[in-house]
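The structure under discussion appears below in the form of structure tokens.
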Amino acid sequence: MRLFSVLLCFPLFMALALAACSQKQAKIIGETFTRGECSARTCLVDANYRAANVMVDALEEVLVEGDGIIISDFIYLGDPSKESTLGRLIPEQISSKLAQHGFNPVSKRLANPDEAQTEVPGKARLVGSYTTAYDVLYVNARVIRLKDSAVIAGYDYELPASSNLRALIPGVWGDAGLDPTVKTAFSTAARR
């Protein structure tokens, strides 16, 4: 009788095990790039290409070659309303590499990212953010499946803040582009 119960439960157990195996979690990888690993001229490009290459492994399990991926500007966490060249450059470089892997990046700048699902053919969207510290830039890139907003790939990385990188988001590191002034004369009228 006990063997009979086990045999009856075996198909249920196998069905649950297979269902659990099919529900893969997105693999989020984090890395740090140092000045010794890349030059000030190539560090950003190298890191963005690496982000795309790493995310492709996860994307190939969910998307097929030729699927559209909508590319969104990355936001600056310190001030989400602030637009910067860096916020546009990072996703453009990642999308170039995704295209080399056979995906179809669609660059569409939208005021409301939710409009992307109805206006642009795509199965996923590349989104991300970045923020700064004293001498480091932190970047988070994610690919989100449009039908259920699930994160299907992600990559976090940090870069040394070179002068080239600082120029792409002026005003963040205190370099707002203002010329310093020096007072050369002092008034004695205020002392009376």
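A short reminder: the numbers here are calculations on the coordinates, not readings from a lab. Owing to the predicted nature of the structure, the values given are computational and were not obtained by experimental measurement. Neighbour counts run over all protein chains shown; Cβ positions are idealised from the backbone, glycine included.
Packing, as the average of other Cβ atoms within 10 Å across residues, places the peptides 58-64, 89-95 in the order 89-95, 58-64, highest first.
Which residues does the label zone of Asp148 cover in segment 50-81, counting backbone N under 18 Å from a point 7 Å along Cα→Cβ? Correct set: 58-64.
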